[in-house]
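K.L.:
Take this structure first; my questions come after.
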Amino acid sequence: MRHHGRAALVLSVACAVGVAGCSAGSNGSSAGTVTVNPALSKLGPDHGWSQTNVTVDPNSLACSAPASNPNRGVTATSVKIGMLATATSPGGVAFGDFPTGAKVRIDAANAAGGVNGRTIDLLGTRDDAGDAGRDGAQAKALVEKDQPFAAFVQTIDGNYIDAFCSAEMPFFGWGGNSGFCGNAIGFGITGCATPKTGDPRAYDTGGALTMANALPAGTARTAALIGLDNDSARQGIITVGQGMQAGGFKIVYEESPIPISGLKDATSIVNDIMRADSGKPPAVVFFVAQFGDAVKLSGSLKAAGYKGMIVSPLYDPRVSTVPELEGTYALLGWQGGFATDVPAVAQMVADFRKYSPGTALSLTATAGYWAADMLVKALQKTGENLTVDSFLKTLNTSYTNYVPGTVPETRWPLNHVAPSPCGTLAHLTNGAWSAPGLQCGAIAKAS
């Protein structure tokens, strides 16, 4: 199913783009300024990044028991993969392009002969419709009725994890909800972005340093963080703040005043922002908002005379001509589909044209493609003697996922508890997106 329309892309979790890890509790209170070793406070290539005092024993993670049915979904000639997604949502936050992207990569793999002699049988999408209760129910149905070997997941809520854990169901996706964190079965293409309370905590510096490097020379590193009025966005704002503080930013505003029902008037928020830094505006405004709210905030900030950087996780070729978004930035955890000078991106674009012509290369569509690519490569490495247990052993034993210039390195099991410290800052100018190459900061243990 393909989801059309601009509102499909906007997230309710800021750190789904891999801005930073979390080290605050779920009560929404900040844990104070985070610091990182100055030797690690610089950007480097999209692989080989530094990790400091962070190690993970996969046996200490949840969902690390042997599978009760290790041969589930596997035959001599096929392997069955399920799909759970927020494909539609009455609130406007949906990931309908994700299943399409995953199917494109699977179609390409099958056209090349499958994996180790097996065709990948991708099942239809179970849609939770953005409802937490339905998310859990659909996950249970997937586990008990569909009985796939593994699954792709892109949902707003993480309520699927209980059903998946009971079946030791490996799953792959973007990693923007808590289900991808603290367990041995969830694999996000940019790691774990939203650790749950009580999980091991780590943070990264990549996103903050990427934004800092885009500021004019001599500009003070000050930032305002604005979020939706829900728990995930509040935690996301804390997450972003932790990473930005680690990257040398002073946070002068950190609030979640945007109603879930939509922002009717941005005036009061903009007024607060314009004097947040001791009477003057900050250098960076980062917000997590639904599409309409993002347009209102950007337009109102510009109308108020704001000249700094406006940054969000919002990227999509379909919003390129929206006047209010002209000149804004999108912080991406992997390279966008516009970067066709990168060989892997060019191949992805060719695959979309062949197997799903007309699909916009949105973040959610490309997330599905790269999640499927991660699964395909893990299947290849595991080999012909494929079981759930052998597959998870492969992935959780010093496994690295990396697509040069396109998807940054993740390391497993480390990235079950931390995001990849990597990203790029896409800029919308003259109706077109562009971005430099991916760069990475460091992952360090949170105090």
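The values are calculated or read from the model by the stated rules, or taken from the named source; none is laboratory data. All values reported here derive from a predicted model rather than from experimental measurement. Because the Cβ atoms are built from the backbone with ideal geometry, glycine has one as well, and the counts that use them run over all protein chains shown.
K.L.:
When you scan the range 130-148, do you find a residue that is within 30 Å of Ala289 (Cα to Cα), assigned by TED's automatic domain parsing to the domain that holds Phe352 and among the β-branched types (Val, Ile, Thr), even just one?
P.N.:
No, there is no match, as no residue in the range 130-148 is within 30 Å of Ala289 (Cα to Cα), assigned by TED's automatic domain parsing to the domain that holds Phe352 and among the β-branched types (Val, Ile, Thr).
K.L.:
Follow-up question, since we're still on this one. Mind listing whichever residues of the range 388-403 are part of a strand (DSSP E or B) and crowded, with 22+ Cβ neighbours inside 10 Å?
P.N.:
Scanning the range 388-403 gives Asn401, Val403.
K.L.:
Just to check your reading of the model, which residue among Arg221, Arg234 is modelled with pLDDT under 90, within 25 Å of Gly248 (Cα to Cα), of a type in the set (D, E, K, R) and assigned by TED's automatic domain parsing to the domain that holds Ile310?
P.N.:
Only one candidate passes the filter, namely Arg234.
K.L.:
Still on this structure: In the range 307-321, which residue that is in a loop (DSSP other than H, G, I, E, B) and touching a helix residue (DSSP H, G or I) at 6+ places or on another chain (Cβ under 6 Å) is farthest from Thr190 (Cα to Cα)?
P.N.:
This residue is Asp316.
K.L.:
Related question: Does Ala344 fit the bill of being part of a helix (DSSP H, G or I) and outside the structural domain of His427 (by TED's automatic domain parsing)?
P.N.:
yes
K.L.:
Any residue that is more than 30 Å from Leu228 (Cα to Cα), in contact with a Ser or Thr (Cβ under 9 Å, 6 or more places away or on another chain) and buried (at least 17 other Cβ atoms within 10 Å of the Cβ) - is there at least one of those in the range 85-92?
P.N.:
Checked the range 85-92: no residue is more than 30 Å from Leu228 (Cα to Cα), in contact with a Ser or Thr (Cβ under 9 Å, 6 or more places away or on another chain) and buried (at least 17 other Cβ atoms within 10 Å of the Cβ).
K.L.:
Exactly one of these conditions fails for Asn430: (1) more than 18 Å from the chain's Cα centre (by Cα); (2) buried (at least 17 other Cβ atoms within 10 Å of the Cβ); (3) over 21 Å from Asn183 (Cα atoms). Give me its number.
P.N.:
Failing condition for Asn430: (2).
K.L.:
Sticking with this one: Out of Ile156, Ile161, which single residue is hydrophobic (A, V, I, L, M, F, W, C) and in contact with a Ser or Thr (Cβ under 6 Å, 6 or more places away or on another chain)?
P.N.:
None of the other options fit; the residue is Ile156.
K.L.:
Please tell me if Thr321 is at pLDDT below 95 and in contact with an Asp or Glu (Cβ under 6 Å, 6 or more places away or on another chain).
P.N.:
no
Yes/no per residue for (1) more than 30 Å from Leu43 (Cβ to Cβ); (2) of a type in the set (Gly, Ala, Ser):
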| residue | (1), (2) |
| --- | --- |
| Gly227 | no, yes |
| Glu255 | no, no |
| Leu263 | yes, no |
| Ser268 | yes, yes |
| Pro281 | no, no |
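K.L.:
Taking Gln380 and the conditions (1) of a type outside the set (A, V, I, L, M, F, W, C); (2) assigned to a helix (DSSP H, G or I); (3) modelled with pLDDT under 95; (4) out of contact with any helix residue (DSSP H, G or I) (no Cβ under 6 Å at 6 or more places or on another chain), which numbered condition does it fall short on, given that it satisfies the others?
P.N.:
It is condition (3) that Gln380 fails.
K.L.:
Mind listing whichever residues of the range 237-289 are in a loop (DSSP other than H, G, I, E, B), in contact with a strand residue (DSSP E or B) (Cβ under 6 Å, 6 or more places away or on another chain) and modelled with pLDDT of 95 or more?
P.N.:
Of everything in the range 237-289, those that are in a loop (DSSP other than H, G, I, E, B), in contact with a strand residue (DSSP E or B) (Cβ under 6 Å, 6 or more places away or on another chain) and modelled with pLDDT of 95 or more turn out to be Ala276, Pro282, Ala283.
K.L.:
If you check Asp351, Asp293, which single one turns out to be part of a helix (DSSP H, G or I), acidic (Asp, Glu) and at pLDDT below 95?
P.N.:
Within the list Asp351, Asp293, the selection yields Asp293.
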